[in-house]
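For reference, the structure discussed in these notes is given below.
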């Protein structure tokens, strides 16, 4: 699952359209939330086919201001709950039957009207107890360190934003990439401003469900804003069967050292990166366990049918040993899945 939220700053010219198509091509989102489209449903209708995301819901712009759009792929099991000029709220149902909420946000930019956004968050919070992800352009920063250039943001405005997130149990999910998601692109340094207006936040239940969530501040296009890319990931566990592989300890050591050298400091982040590398090794090098067992059996059977020779006998013993190791891994795999034992192999009554 990949979600992209982007303040596209209008879709009425060639560079804007090319930028949107480039986002779809390079990021390949399952759900795409756009704000400030500055168009209505009739104009946006054609993008369904160009983006290859035929499902959509639209909140028309008010003249040349605002406008929200949500596209999603046909494979996504999604239900729209509500929408307004500031949000589109949906429920996403996973293949295992579980569900969670996503709300695309477009915050009020006028200081005197920002309370409308915060009131909306409070209302949405009470609509459901499901795990909840919010993402988009909040048009506000949490601290002045999230802004460079221009006058400092009023502390009262940032404090209100922090208080609303806390009241709604919404936590910033962090990011990878450039901190500043919005720039005014002024030609003079004295007037150049960059700040982090766009972000992803989630409640505790959502974060517990997707502890390995990956948030990327994407590449800029024609818009002043970067797209925010959210990749929810379940916490994958360490597979005990990997310990049967001679390369396992070396793979762990290599992944650990690479993660630290890349600047990761928290234990959870290091663990997530190491597990990610191990699963990549499992997928690309080890392959599916059942497939490897079938291949080993076929290879052993061919060897058994060959003419007797010392080379054939040596190879048969090697292949039998290889197959036994794979079957041991399969036993550990299913034992781990059944939660009977994580680290001790075999029957506890066996002496």
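The values are calculated or read from the model by the stated rules, or taken from the named source; none is laboratory data. What you see is a predicted model, and the numbers here were worked out from it, not measured in a lab. Note that each Cβ is placed from the backbone with ideal geometry, even for glycine, and that neighbours are counted across all protein chains shown.
Taking residue 14 as meeting all but one of (1) out of contact with any strand residue (DSSP E or B) (no Cβ under 6 Å at 6 or more places or on another chain); (2) under 30 Å from residue 153 (Cα atoms), write down the number of the exception. Looking at each condition in turn, residue 14 falls short on (2). Restricting attention to the stretch 20-40 and to residues that are in a helix (DSSP H, G or I) and surrounded by 21 or more Cβ atoms within 10 Å (Cβ to Cβ), the residue that is nearest to the chain's Cα centre (by Cα) turns out to be 23. The combined condition, being in the same structural domain as residue 126 (by TED's automatic domain parsing) and farther than 28 Å from residue 160 by Cα, is fulfilled by residue 78. Just the residues that are within 20 Å of residue 199 (Cα to Cα), out of contact with any helix residue (DSSP H, G or I) (no Cβ under 6 Å at 6 or more places or on another chain) and at pLDDT below 95, please, taken from the stretch 101-112. 109, 110, 111 - these are the residues of the stretch 101-112 that are within 20 Å of residue 199 (Cα to Cα), out of contact with any helix residue (DSSP H, G or I) (no Cβ under 6 Å at 6 or more places or on another chain) and at pLDDT below 95.
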